[in-house]
Amino acid sequence: MSTTEQLPDLRDESAFTALVERHRGELQVHCYRMLGSLEDAEDLVQETFLRAWRSRESFGGSYSFRAWLYRIATNACLDVLRSRSRRVLPPDVGPAADPAAALAPPADLPWLQPYPDALLDQVAAPEDEPAAVVVSRETIELTFIAAIQHLPPRQRAVLILRDVLGWTAKDTAELLEGTVTSANSALQRARATLRQRLGERRTDWRTESSPSAEERELLRRYIEAHERSDLDALAALLREDAWLAMPPHPTWFAGRAAILVAASASFDSSFGTLRSIPAWANRQPGVAHYLRAPGSTEWVGLAIDVLRIEDGLVAEITSFDGAEYFAAFGLESVLDR
């Protein structure tokens, strides 16, 4: 990945800062794929910039400045992954729950986190690599992010660099300070694992990222069903084999019937009234739910649902419980009207 790009004096801190900031968005997405956490990704980008500044004299220009930053970011993520557990969703933790039973209390586990579309929309990439490639839809979806967490860290890095970002085997091997043979072997093993978890057809990544009219209409109906507490309307939107997960509760429900039993509790008037607004995440339809408890005048942030649509119906609902996610989406945690 040689380059002839013209760079400012890297000894100039302000010029260096301006240069690395051009790559903040795409590096944050890269770290998010590696780690499955928006919070960790933000921290690792800062760590990347610090490491880059401290080692700026080692940049010789034999490959692009962008590739150099990716090398630092990838190695910083690998350092973290050596001492941390992978990020999970409830289906990774245990079997589907009985929807008639009490909800399990929150568990202190390294839960996968959503990535707001508002941040993805800000990602810029070099002119020769459109931003759509960096944030291509199926490689930022929660299903994909959850699946690659099952890969060993080095395989995860190789798969992201090769199949997501389109790097060559040679460039990938150089970044990881390995051989082309070892990089290709890691990629083959990673692809095999993903085929087991995602199916053959979901390993041919497309770059389409714009929501369809069908998705927008389904999202509107999903919001309406919740605000009207209409179980029949919700049922009409769900695949029979849909599932609902509710991190940080280690609880998930398998099948339309189970989801409707679980939803009936939150649709009961004794629970309160829901107000729901669009909150797209991971290039998927999303909804931020606010709850007004009986006798209250405030709407309090309750959860953010991220939906996966398949064949015009909701196949997966990942409901991130708690108002702590709202700030990342640019949403208030409490509404007074």
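Taking Cα atoms only, the orientation of helix 256-267 departs from the longest principal axis of the chain by about 70 degrees. Dimensions of the range 184-337 along the principal axes, based on C-alpha atoms and rounded to the nearest Å, stand at 61, 33, 32, largest first. Applying 1/(1 + (r/R0)^6) with R0 = 35 Å to the Cβ-Cβ distance of Leu78 and Glu214 gives a FRET efficiency near 0.35.
Among the GluC sites (Glu not before Pro) found in the range 132-179, those both in a DSSP coil and sparsely packed, with 12 or fewer other Cβ atoms within 10 Å of their Cβ, are Glu177. Would you mind pulling out the separation of the Cα centroids of the range 142-164 and the range 294-337, in Å? When both Cα centres are located, 27 Å separates them. Applying a DSSP loop filter and a limit of 16 other Cβ atoms within 10 Å to the GluC sites (Glu not before Pro) in the range 261-337 leaves Glu298, Glu332. In this structure the amide hydrogen of Trp111, modeled in the peptide plane, comes within under 5 Å of the amide hydrogens of Val88, none closer than 5 places in sequence on its chain. Extension gain, Ser266 to Thr168: 0.36 nm times the residue separation minus the Cα-Cα distance gives 30.3 nm.
Could you give the length gained on full extension between Trp53 and Glu332, defined as 0.36 nm per residue of separation minus the Cα-Cα distance, in nm?
Result: 96.9 nm gained on full extension.
Coordinate-derived values only; no laboratory data. Quantities reported herein were computed from a predicted structural model and do not represent experimental measurements. FYI the Cβ positions are ideal-geometry reconstructions off the backbone, even for glycines, and counts take in every protein chain you see.
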